[in-house]
Amino acid sequence: MSTLSLSRDHPLRVLLVFVAAVVVTALVGSLFSVSAGDEYLGLRRPGWAPPAWLFGPVWTALYGLIALSGWLAWRNGAQRGELALFGAQLVLNAAWTPLFFGLGWYEAAFAEIIVLWLTVVTLIVVFSWRSKTAAVLLAPYLAWVSFAGALNISIAVLN
């Protein structure tokens, strides 16, 4: 039996596990994005590209929704495979920043974001079986990943 399954009597502790997982994801990304704002400003970007300052607040809100979504799915009986998919999207999320900003591999980052997008779509479908709310909470994340993918490929083409 997993720790999460043993913790059904302690839902707030499990919420903290989901929050911690998302914080780790954000921290991994931030290790490679210390100079991302300056690097982003140095890139040729499409006219519709958002200002660099917008990314932090957007990701902060999205990470909160992602953690809450995972927790709600867990509260509604999500199984090991569903939670593994949740973890996989966090790994994919964390992997994008080093590819794009750390290595400057814009095309590889775009390929990776497509896999992330597909994973988030799958997660929305799977979570909808457990909790409609958990699925809906991921909709802004999917929208932002879609936008980020379009921005990623545009930057790849322009640079």
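Applying a threshold of 6 Å to beta carbon distances and a minimum spacing of six or more residues, or different chains, the list of pairs starting in the range 117-128 at a residue that is under 10 Å from SER69 (Cα atoms) and modelled with pLDDT of 95 or more and ending at one that is not charged (D, E, K, R) and not in a helix (DSSP H, G or I) reads ILE124/LEU138.
Scoring ASP9 on the criteria (1) under 22 Å from the mean Cα position of the chain (by Cα); (2) at pLDDT below 80 leaves a single failure, condition (1). Inside the range 90-134, residues that are under 25 Å from LEU31 (Cβ atoms), surrounded by 15 or more Cβ atoms within 10 Å (Cβ to Cβ) and not aliphatic (A, V, I, L, M) make up a count of 13. Quick one: is LEU137 over 18 Å from GLY29 (Cα atoms), out of contact with any Phe, Trp or Tyr (no Cβ under 8 Å at 6 or more places or on another chain) and buried (at least 20 other Cβ atoms within 10 Å of the Cβ)? Yes; evaluated as a whole, the condition is true for this residue. Answer yes or no: is there a residue in the range 93-102 that is at pLDDT 95 or above and more than 13 Å from the chain's Cα centre (by Cα). The answer is no, given that none of the residues of the range 93-102 is at pLDDT 95 or above and more than 13 Å from the chain's Cα centre (by Cα). Scanning the range 12-63 for residues that are of a type in the set (Val, Ile, Thr), farther than 21 Å from PRO140 by Cα and in contact with a helix residue (DSSP H, G or I) (Cβ under 8 Å, 6 or more places away or on another chain) returns VAL14, VAL17, VAL28.
Restricted to the range 30-108, the set of helices (runs of 4 or more DSSP H) holding at least 3 residues that are aromatic (Phe, Trp, Tyr) comprises 55-75.
The values are calculated or read from the model by the stated rules, or taken from the named source; none is laboratory data. Here the structure is a predicted model, which means the values were calculated and not measured. Positions of Cβ are generated from backbone atoms using ideal geometry, with glycine treated the same way; all protein chains shown enter the neighbour counts.
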